[in-house]
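Handing you a structure now.
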Amino acid sequence: MTIQQLRTALRTAGIPPKGLKRELVSALQSYLAKEIDGESSLLADKQDPSNSDKRISMMMETKSVEDQVQDANSFSKVSEVQQSRRTVKQLQIKGKMVDVNAKIVATEQKKSACASGRMTSLTKKKASSDVDSKYVSAKNRVTLPVNQSEPWTILAHKKPQKGWIAYNPRTMRRSLPIENTKFVKILSWNVNGLRALLKLEGFSAMELAKQENFDVLCLQETKLQEKDVESIKQSLIEGYENSFWTCSNTRLGYSGTAIISRIKPLAVRYGLGISDHDSEGRVVTAEFDSFYLLSVYVPNSGDGLRRLAYRITEWDPSLGNYIKELEKSKPVILTGDLNCAHEEIDIYNPAGNRRSAGFTIEERQSFSTNFLSRGFVDTFRKQNPDVVGYTYWGYRHGARKGNKGWRLDYFLVSEAIADDVHDSFILPDVIGSDHCPIGLVLKL
């Protein structure tokens, strides 16, 4: 390809087109390699609060890359040779097809995956169509068709086990209960900054409400201050007159949780009733006729795991004791960003994140000890024991378009009502945050 074509490609990809031809080729090769091998990092993205201030620009960058790259590559193994060639064809940049013949040196076998497509927005939901692309399992080399416009249907995992399948809400969500069956539908979403989400072009809270027709919406990481709440309440969703908000008092514009409901609760309380835990606005509890509902944002263990000890020795046990106390009077539904990928099936790259916040053995054991072993049921995993479904994707390296994520968001319910759960689902097509909403349908 010509120098002019190389410069055009690099400019569109956001790379300064400087140097001789061989330097331009090298820069383009490096860009392509990063697109193929990039992975999400909870430690890098979730622990840096400044990332949230860049939400809109980062999302637009991600969308731009998704729109520019239309290839679907297969999982493959690179040969054990010192000099091997791979031709990457049809890089679509602003409608122009550029042929790139790139040399890639491999010294050991590597697995790489890249799948791309356009994310479906709430207000422009399109009927899905099959695309002529293939996914080759790294384990058994079986070729299966995937839809490029629905990247969550890719079985993306560094070490997939036999029998695992990707979560596909179009085929796995259950129809609502039959007529005359009483039920409640609850959604939960870490919005990673509610004001930024509401300003995002193409997002409409009313569209989400229309699409899902939920009874209750739980929010986490609203990042609101007390002074913002009233104006947000007035403009959010019509028909949901009952909303309850708690904000961080010690660090403004941080954390924050809420419950928004068209059903009036019997009572509402904030926090755990322990001053050491209640200054960051992490818990709202609403009591309804037949259950308690908690919207919870569990503290992240932080950069360098600086809050790990607090998390596993103080916060988790206190939350566990609180919900067990509530359970003495009626069953409990605990939902939110619990900041833990409990099992290896719940994270794209388990081996690479053993000491990352959200996947340390200490956090995973604490999750089991304080919640699951005390009679609370992970509803999604109970319904889908072998399904890989993520709820969080870091903004970096195109993690969402490759479905390289974490399952950090849960509906945990008391064992007494576990069999009344009609559906526990994920909404990966809803964009606007680095998390997506999750949902629960409970028969009453």
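Test D346 against the criterion of being of a type in the set (D, E), modelled with pLDDT of 95 or more and touching a Lys or Arg at 6+ places or on another chain (Cβ under 6 Å), and give yes or no.
Considered against the rule, which asks whether it is of a type in the set (D, E), modelled with pLDDT of 95 or more and touching a Lys or Arg at 6+ places or on another chain (Cβ under 6 Å), D346 comes out as yes.
Being under 21 Å from the mean Cα position of the chain (by Cα) and among the acidic types (D, E) is the filter; apply it to the stretch 177-235 and report the residue that is surrounded by the most Cβ atoms within 10 Å (Cβ to Cβ).
Checking each candidate, the answer is E221.
If you don't mind, another one. Counting only residues that are more than 26 Å from G239 (Cα to Cα) and hydroxyl-bearing (S, T, Y), which one in the stretch 259-281 is surrounded by the most Cβ atoms within 10 Å (Cβ to Cβ)?
Here the residue is S279.
Residues checked against (1) among the acidic types (D, E); (2) under 26 Å from E415 (Cβ atoms):
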residue: G281; (1), (2): no, no
residue: V284; (1), (2): no, yes
residue: L293; (1), (2): no, yes
residue: K330; (1), (2): no, yes
residue: Y348; (1), (2): no, no
residue: S368; (1), (2): no, yes
residue: V377; (1), (2): no, yes
residue: D386; (1), (2): yes, yes
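Please state which of the following conditions H422 fails to meet, knowing it meets all the rest: (1) farther than 22 Å from T257 by Cα; (2) assigned to a helix (DSSP H, G or I).
(2)
Please find, within the stretch 172-189, the residue that is modelled with the lowest pLDDT out of those that are out of contact with any Leu (no Cβ under 7 Å at 6 or more places or on another chain) and within 20 Å of R262 (Cα to Cα).
Taking the stretch 172-189 as the starting set, the residues that turn out to be out of contact with any Leu (no Cβ under 7 Å at 6 or more places or on another chain) are 172-181, 185, 188.
Right, trim to within 20 Å of R262 (Cα to Cα) and you get 176-177, 180-181, 185, 188.
Numbers: L176: 96, P177: 95, N180: 91, T181: 95, K185: 98, S188: 98.
Only one residue tops the list, namely N180.
Which numbered condition in (1) open to solvent by 60 Å² or more (accessible area, probe 1.4 Å); (2) under 20 Å from Y297 (Cα atoms); (3) out of contact with any helix residue (DSSP H, G or I) (no Cβ under 9 Å at 6 or more places or on another chain) is the only one that S329 fails?
Condition not satisfied by S329: (2).
Identify, please: which residue in the stretch 167-215 is free of Cβ contacts under 8 Å to residues at least 24 places away in the same chain and of a type in the set (S, T, Y) and is, among those, nearest to S424 (Cα to Cα)?
S175
Give me the helices (runs of 4 or more DSSP H) completely within the stretch 166-265, filtered to those with at least 3 residues that are within 30 Å of I345 (Cβ to Cβ), ordered by residue number.
169-172, 205-212
Can you name the number of the only condition in (1) out of contact with any helix residue (DSSP H, G or I) (no Cβ under 7 Å at 6 or more places or on another chain); (2) at pLDDT 95 or above; (3) open to solvent by less than 20 Å² (accessible area, probe 1.4 Å) that E150 fails?
Every condition holds for E150 apart from (2).
Looking at L224, L155, which is the one that is in contact with a Gly (Cβ under 9 Å, 6 or more places away or on another chain), modelled with pLDDT of 95 or more and more than 18 Å from G439 (Cβ to Cβ)?
Unique residue meeting the criteria: L224.
Inside the stretch 358-369, can you point out the residues that are in contact with a helix residue (DSSP H, G or I) (Cβ under 9 Å, 6 or more places away or on another chain) and either open to solvent by 20 Å² or more (accessible area, probe 1.4 Å) or of a type in the set (A, V, I, L, M) (or both)?
Residues satisfying the conditions are E362, Q365, T369.
Looking at V421, V388, which is the one that is on the phi < 0 side of the Ramachandran plot and open to solvent by less than 10 Å² (accessible area, probe 1.4 Å)? Break it down into steps so the answer makes sense when it comes.
On the way: V421 fails: open to solvent by less than 10 Å² (accessible area, probe 1.4 Å).
One residue alone meets the criteria, V388.
The values are calculated or read from the model by the stated rules, or taken from the named source; none is laboratory data. Computed from a predicted structure; not experimentally measured. Positions of Cβ are backbone-derived with ideal geometry, glycine not excepted, and every protein chain shown enters the neighbour counts. SASA here: full protein model, heavy atoms, side chains in, ligands and nucleic acids out. Shrake-Rupley method; radii C 1.70, N 1.55, O 1.52, S 1.80 Å.
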